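Okay, so here's the structure we're looking at.
The values are calculated or read from the model by the stated rules, or taken from the named source; none is laboratory data. Here the structure is a predicted model, which is why all the values come from computation and not from measurement. Glycine gets a Cβ as well: all are built from the backbone with ideal geometry, and neighbour counts include every protein chain shown. For accessibility, only protein heavy atoms count, side chains too; no ligands or nucleic acids. Shrake-Rupley method; radii C 1.70, N 1.55, O 1.52, S 1.80 Å.
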Amino acid sequence: MKKIVTIVLLLIMSVILFACDKSDKAEEKANEPILEKSQLIGTWEYIDGGDFQQIIIKETGLYRQITSVSGMNLDHTDSYDIMDNQLILYYDEMGIKYTYKVTFDGSDKMNFYNAGNGELVITYTRKAE
């Protein structure tokens, strides 16, 4: 009888812990700032020595990325989406997409984090228009 009571108590505690964990995650997600398109719109730059990257995000759902890294140049235009509070940049020619969690430091810094592992990918600075 003691074994049955112990097993039942362990099951009840497991259910309670699981429920608390889910509610904590839901509360965490509710406290995340919502990514809005208006925050993204504009021209953003990253400059490090001779390396340069610029991303121009337009209201129309298109973005243009201009990159010059180690003598290699890229000028790419494609579409983007905002889903589940994340930014998705499409590279349709290559059949891939990149998903980022985006945070802002004030109105002039935009950080892209890898949505898969949370690693900081790049920090852009808003270009004065």
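Listed by first and then second residue, the pairs with beta-carbon distance under 7 Å, at least 6 apart or on different chains, first residue in the stretch 111-129 and under 13 Å from Tyr98 (Cβ atoms) and open to solvent by less than 80 Å² (accessible area, probe 1.4 Å), second not in a strand (DSSP E or B) and not small (Gly, Ala, Ser), are Tyr113/Glu119. If you check Ile47 against the conditions, is it open to solvent by 60 Å² or more (accessible area, probe 1.4 Å), hydrophobic (A, V, I, L, M, F, W, C), part of a strand (DSSP E or B) and modelled with pLDDT of 90 or more? Yes; evaluated as a whole, the condition is true for this residue.
Every condition in (1) more than 19 Å from Lys127 (Cα to Cα); (2) more than 17 Å from the chain's Cα centre (by Cα) is met by Asp51 except one, and the failing one is (1). In the set (1) over 17 Å from Gln53 (Cα atoms); (2) open to solvent by 40 Å² or more (accessible area, probe 1.4 Å); (3) touching a Phe, Trp or Tyr at 6+ places or on another chain (Cβ under 8 Å), the condition left unmet by Ile88 is number (2).
Leu62 passes every criterion in (1) over 12 Å from Leu40 (Cα atoms); (2) at pLDDT 95 or above apart from (1). Test Asp75 against the criterion of being open to solvent by 50 Å² or more (accessible area, probe 1.4 Å) and more than 15 Å from Thr125 (Cβ to Cβ), and give yes or no. Criteria met by Asp75. Residues in the stretch 47-80 that are closer than 17 Å to Asn114 by Cβ and either in contact with a His (Cβ under 6 Å, 6 or more places away or on another chain) or not hydroxyl-bearing (Ser, Thr, Tyr) (or both): Gln53, Ile55, Gln65.
Please go through the stretch 56-72 and give me each residue that is outside any strand (DSSP E or B), open to solvent by 40 Å² or more (accessible area, probe 1.4 Å) and closer than 17 Å to Lys97 by Cα, ordered by number. Within the stretch 56-72, no residue meets the criteria.
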